[in-house]
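First comes the structure, then the notes that go with it.
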Amino acid sequence: MIVFIVRRLLISVPVLIASAMLVFLMVSAAGDPLAPLRANPNISQDAIDARRHDLNLDKPLPQRFGIWAANFVKGDFGNDLAGRPVKPQLFSRLGMTVRLVLVSQILALVLAVVAGVFAAVRQYSIGDYIVTFTGFLFISIPVFWFAAVLKEWVGIRLNNGLDSLFHTDRRFVFTIGDKTPDFSGNAWDRISDYAGHLVLPTLALAAVTYAAWSRFQRASMLEVLNSDYMRLAQAKGLPRRRVLVRHGLRTALIPLTTVVAINVGLIIGGVVVTESVFGWHGMGEMLVQAATTRDVNVMLGWLMLSAVAVILANLVADILYAYLDPRIRRT
Amino acid sequence: MVTPPDVSLVTPELPVSVGTGPEREFTVKARTQTQLIVRRFFAHKLAVGSLVVFVLILVVSLLGQRFWKYKYGVVNPDALSEAPSWEHPLGTGDLGEDGLAQMLRGAQRSIQIALLVMVLQTAMATLVGAMSGYFRGWVDSGLMRLVDLLLTLPALALLIVLASRFNAGWVGVAFVIAFVGWAADSRVVRGVFLSLREKEYIEAARALGAKDRRIIVRHLLPNSLGVIIVNATLALAIAILFEAALSYLGFGVQAPETSLGKLIADAQGAVDTRPWLFYFPGLVIIMIVLTVNFIGDGLRDAFDPTQTRVRA
Amino acid sequence: MAPEMPAEMLGGPAPGATRKADPSAVLEVADLTVDFPTEDGVVHAVRGVSYRLRPGEVLGIVGESGSGKSVTSLAVLGLLPKSAKVSGSVRFRGVEMLGLGDKEMSRVRGKGISMIFQDPMTSLNPVYRIGHQLAEAVQIHDKSVNDKAAWDRAVELLTLVGIPNAPDRASNYPHEFSGGMRQRVVIAIAMANQPDVIIADEPTTALDVTVQAQILETIKTAQHETEAAIILITHDLGVVAGMADRVLVMYAGRPVEVGSVDEIYYRPRMPYTIGLLGSLPRLEIGQRQRLTPILGSPPSLLNLPPGCPFSPRCPMRQPVCDDIEPDLIAVDGLVHMSACHFARDLAAKDVSAEEVFVATGTELEDPAAQVIAAGGLLGTLTVPDDSPPDGAVDTGSASADGTADTLTGQLPHPAGDPSTETPTAKSNPAETR
């Protein structure tokens, strides 16, 4: 088992390096940071050239990569176009984004497992149809649209309705940002403030993720339910529920680990748009801004960070999978 | 009471039937595989219904523009920001453009992009997956490393980065989406080819002297068609959502073109004042993606009914 | 449907066998019927099965795919899917089991009645250790047993069934065991709680021939250790001959002949049984004798026409056979029963298979030629009844150049006639055995 982990870790390193190269390639192809300068007639060619030199754009591509990579490994992510260092910005926003991702994904996981198992056990019942249909529905809804709908209906109207009902100024659910600025209060108040801001974005993200996972879990559970070892477990004298949980669920959850891990890559997209809708100053906003201004260093740092996250998630999934399914431990 | 016959009953009065008579068994007409698949698909009422709706949306968005009296992009200063009425079923926008015309155009663009993505992505994924799954060895390792690499980068982020550069209109958007999306699909195709190539009939074909190309084209491809087609529908659904997200953020389709995502983005600020501009495009997206998903589900059942049915 | 049978007629242990003299039956099945509603109609998988099992007795249930033999035993244990409609009566130690809730059934399963399933490769949960799965069987019925004691018992059971190096092997996972060893583990699980009845549902079908004998030995060991009565379900007549005291032959969902092993093998009184025996190659008969296969396929259980279900394939068929389904009545004394209108005639003449069925190699068109075996090859192939796991159909084309393939003495497989295969396979949700 240890060998397995170590081997996987070692493989991750070249993957990361290759990712870095790919990222660099893509970002370099993504645009010319000097374009806005060139478009401005007031800026002299010398100034443009100087800037070009500053940004190392006059050197060949592989060399640029080398320079950037060397710095990156040392922890220097370079500066953005405004001259501020990239790394601290990235990490300060990271916390906020991770909060959103974690809460929404865990919520989605719990819901999906419960729904998937329920639908599989009561196949073709009304409950099954409801679960399956909501699953289909939510994977067909664009996240940003749903987020905006939530914002409007729950965030504003429902909140206002509750306000007038309970005659209070206090807001329960917030629609802008991840916390109230200039907030003062004790720890408990602070947490509930965070929570209030988290509710809507979490719901938006969780809904879409839940939909994908519940369908998968249902299919996985169905396959397990029809298997011979379930029948043997019943024939041994285990009552239904025990059979379901100990033999069914345990085995049916295994494929879900890979799905959850792969989702890290996909959910980042959802996070980007959701943050945009709710005005969070998180990673999403940063990327959008960087892409618009062709801020190379920011894009590079951002993509590298997400690549690390994805690779890490896959690694954890691999290890978890091997732990859960003894059949693949040999490899 | 039955009179026991003589034991020369071994000469029976009735002939022994070879096989069994028609009155005892089902008689099922022989059908080709394609016919079976088609039949199974049409047994799925939901999938068929979805197909009808999808085709309807497609046709309306294409032809509707020709027959509707208001054209896209035509500004009408007399009718600024009107609510839905008989004259303008979807109201008008800031500059008096007709809402329905905008929607039709938006839908058409979105569907166009998605269809192009589907074709490009499926072609690419099939090519790579087939070669990888069939030839294995170095080809497989190399290609799959590339695929894995591409998969470490989050799709939307990559889309944003790339699309911000390429401004080749809706075709460019389609290419970018296809470029980011083919990787995951190719894995699936590879999986199918890997399992198929071990079948005995492939070995038999090879023993008869069939060359690789013939085996791939004549044997493996038709048998993997089911998976490929189902994946294509999924690609279509995802493409629509990606395009919408991209346009929403401002990186997709640019003015003067429009798409459903862009319509939503444009109408964001007016959610409470002019909700129709915001909700309708969203609903159309949902309709399209939902129907495509149902169709894909029906196709999956039609091609392989032994799989556990995810009936909706 | 079989009528209520008086106790004396249901037979007891074979003469000469040393069994408990206890006359009360440990398992009584009366008029068991199982229907499966499907999209195409109701499938009558089991149509009135009755038998009584005495303590320590070995009952062999024999039948081809689709005869309902597996469904019968699954019904006894209440392991059929919810859509199945079960009626009749199943009494274990006098207590009615049909209609019991899951909680009560769980108490009986694994302790009163346990089961051995067909495919050892998929019967064990791949993520739990062997020892754990055995210990679980013990602990579920006796809460007072702690983990260590349960594990020890598991090791003990493994040794009993012949797993070498049991203490170490108990920590292995199922995928580290071969098929034969896994089946032994399944047998060990079945005997863990000293059950009164062990149902072995085609325990050797999925295994190599070389391993089959070992598994049968293991089952005999299990019987020895637990003194349980055994129901051995199989399509392999050779297996039955070696182990059973009594045999029940099933066809199209109900018993068509019941009797002691000797009675069935040496004095068969139903054309189906005769045909089965005739299709068995036997060493002592020599090479000259040809096999007499049964032509055709078993009927669809969806729309069973009136009359005897075997009649389309029966060489003794008469008009009455198509109209009235024969009841199971006694022949040759009380312990032997047969469902054939002409059972008495068969009894009177003690007919052998060649006299009833056409041997391989005869022209079918000529009725007279059907009487005596003649030269030349013919044939509907009677292919061994292996239900291959991936559902592929063994093709038995009724070509004139086919060769009989019943070297292993197994029952004819429904020849791959697509018109019969697809509806039965598709519309019968129960695994048709």
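The values are calculated or read from the model by the stated rules, or taken from the named source; none is laboratory data. All values reported here derive from a predicted model rather than from experimental measurement. Every residue, glycine among them, receives a Cβ derived from its backbone with ideal geometry; neighbour counts consider all protein chains shown.
Restricting segment C:99-113 to residues that are in contact (Cβ under 8 Å) with a residue 24 or more places away in the chain and in a loop (DSSP other than H, G, I, E, B) leaves a set whose member that is nearest to the other protein chains (Cβ to nearest Cβ) is C:Gly110. If only one of C:Thr205, C:Thr226, C:Thr221 is free of Cβ contacts under 8 Å to residues at least 60 places away in the same chain and either outside the structural domain of C:Val46 (by TED's automatic domain parsing) or surrounded by fewer than 24 Cβ atoms within 10 Å (Cβ to Cβ) (or both), which one is it? The conditions single out C:Thr226. A single member of A:Val277, A:Val243 is among the β-branched types (Val, Ile, Thr) and within 9 Å of chain B (Cβ to nearest Cβ), and it is A:Val277.
Each row is one residue, and each column tells you yes or no for (1) touching a helix residue (DSSP H, G or I) at 6+ places or on another chain (Cβ under 9 Å); (2) at pLDDT below 85.
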residue	(1), (2)
C:Asp262	no, no
C:Phe310	yes, no
C:Pro315	yes, yes
C:Gln318	yes, yes
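Of everything in segment C:114-130 that is surrounded by 24 or more Cβ atoms within 10 Å (Cβ to Cβ) and more than 8 Å from chain A (Cβ to nearest Cβ), the residue that is farthest from A:Asn226 (Cα to Cα) is C:Ile130.
For segment C:311-337, residues that are β-branched (Val, Ile, Thr), part of a strand (DSSP E or B) and in contact (Cβ under 8 Å) with a residue 40 or more places away in the chain total 1. Where helices (runs of 4 or more DSSP H) fall entirely within segment B:143-250, those with at least 3 residues that are in contact (Cβ under 8 Å) with a residue 60 or more places away in the chain and either among the small types (Gly, Ala, Ser) or closer than 30 Å to A:Glu275 by Cα (or both) are at B:155-163, B:169-196, B:221-249.
From the list B:Ala178, B:Ala244, the one residue that fits, being under 17 Å from the mean Cα position of the chain (by Cα), within 14 Å of chain A (Cβ to nearest Cβ) and among the hydrophobic types (A, V, I, L, M, F, W, C), is B:Ala244.
Looking at segment A:120-144 only, could you name the residues that are hydrophobic (A, V, I, L, M, F, W, C) and more than 9 Å from every other protein chain (Cβ to nearest Cβ)? Spell out the reasoning first.
Start the filter on segment A:120-144 by keeping residues that are hydrophobic (A, V, I, L, M, F, W, C), which leaves A:120-121, A:126, A:130-131, A:133, A:136-139, A:141, A:143-144.
Selection gives A:Val121, A:Ile126, A:Ile130, A:Val131, A:Phe138.
Is segment A:198-218 home to any residue that is at pLDDT below 90, facing another protein chain (nearest Cβ under 9 Å) and in a helix (DSSP H, G or I)? Checking segment A:198-218: at least one residue is at pLDDT below 90, facing another protein chain (nearest Cβ under 9 Å) and in a helix (DSSP H, G or I).
Within segment B:81-111, can you find the residues that are surrounded by 17 or more Cβ atoms within 10 Å (Cβ to Cβ), free of Cβ contacts under 8 Å to residues at least 40 places away in the same chain and not charged (D, E, K, R)? Scanning segment B:81-111 gives B:His88, B:Thr92, B:Gly96, B:Leu100, B:Ala101.
Across segment B:52-69, the qualifying residues are those that are touching a residue at least 24 places away in the same chain (Cβ under 8 Å) and either of a type in the set (Val, Ile, Thr) or surrounded by fewer than 12 Cβ atoms within 10 Å (Cβ to Cβ) (or both), and the one among them that is farthest from B:Val289 (Cα to Cα) is B:Val60. Mind counting the residues in segment A:145-168 that are touching a Ser or Thr at 6+ places or on another chain (Cβ under 6 Å) and more than 10 Å from chain B (Cβ to nearest Cβ)? Residues that pass the stated criteria total 2. Restricted to segment C:208-284, the set of helices (runs of 4 or more DSSP H) holding at least 3 residues that are out of contact with any strand residue (DSSP E or B) (no Cβ under 8 Å at 6 or more places or on another chain) and closer than 21 Å to C:Ala30 by Cβ is empty.
Where helices (runs of 4 or more DSSP H) fall wholly inside segment A:114-174, the ranges with 1 or more residues that are at pLDDT 85 or above are A:126-139, A:143-150. Restricting attention to segment C:325-344, the residues that are farther than 13 Å from C:Tyr272 by Cα and at the interface with chain B (Cβ under 8 Å from one of its Cβ atoms) total 1.
Going through C:Gly78, C:Gly48, C:Gly94, C:Gly60 one at a time, which residue ends up being in contact with a helix residue (DSSP H, G or I) (Cβ under 8 Å, 6 or more places away or on another chain) and at positive phi?
Of the residues listed, the single one that is in contact with a helix residue (DSSP H, G or I) (Cβ under 8 Å, 6 or more places away or on another chain) and at positive phi is C:Gly78.
When residues in segment C:27-64 are screened for being more than 23 Å from C:Ile329 (Cα to Cα), surrounded by fewer than 22 Cβ atoms within 10 Å (Cβ to Cβ) and more than 14 Å from chain A (Cβ to nearest Cβ), 6 of them pass. When A:Val103 is tested against (1) within 11 Å of another protein chain (Cβ to nearest Cβ); (2) in contact (Cβ under 8 Å) with a residue 24 or more places away in the chain, just one condition goes unmet, and that condition is (1).
Within segment C:134-171, which residues are in a loop (DSSP other than H, G, I, E, B) and of a type in the set (A, V, I, L, M)? If you could, list the steps in order and put the result at the bottom.
Of all residues in segment C:134-171, those in a loop (DSSP other than H, G, I, E, B) come to C:142-146, C:161-165, C:170-171.
C:Val145, C:Val161, C:Ile163, C:Ala170 - these are the residues of segment C:134-171 that are in a loop (DSSP other than H, G, I, E, B) and of a type in the set (A, V, I, L, M).
Here A:Val23 qualifies as at pLDDT 75 or above, within 14 Å of another protein chain (Cβ to nearest Cβ), out of contact with any His (no Cβ under 7 Å at 6 or more places or on another chain) and part of a helix (DSSP H, G or I).
Let's see how each residue does on (1) surrounded by fewer than 17 Cβ atoms within 10 Å (Cβ to Cβ); (2) touching a residue at least 60 places away in the same chain (Cβ under 8 Å); (3) touching a Lys or Arg at 6+ places or on another chain (Cβ under 6 Å):
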site: A:Val245; (1), (2), (3): yes, no, no
site: A:Leu256; (1), (2), (3): no, yes, no
site: A:Gly265; (1), (2), (3): no, no, no
site: A:His281; (1), (2), (3): yes, yes, no
site: A:Gly284; (1), (2), (3): no, yes, no
site: A:Leu287; (1), (2), (3): no, no, no
site: A:Thr292; (1), (2), (3): yes, no, no
site: A:Met299; (1), (2), (3): no, yes, no
site: A:Val308; (1), (2), (3): yes, yes, no
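Scanning segment C:168-185 for residues that are exposed (fewer than 15 other Cβ atoms within 10 Å of the Cβ) and more than 14 Å from chain A (Cβ to nearest Cβ) turns up C:Asp168, C:Ser178. Evaluate the following for C:Leu157: is it more than 17 Å from A:Ala233 (Cα to Cα), without any contact (Cβ under 8 Å) to a residue 60 or more places away in the chain, buried (at least 24 other Cβ atoms within 10 Å of the Cβ) and within 28 Å of the chain's Cα centre (by Cα)? Here the answer is yes, as C:Leu157 does meet what is asked.
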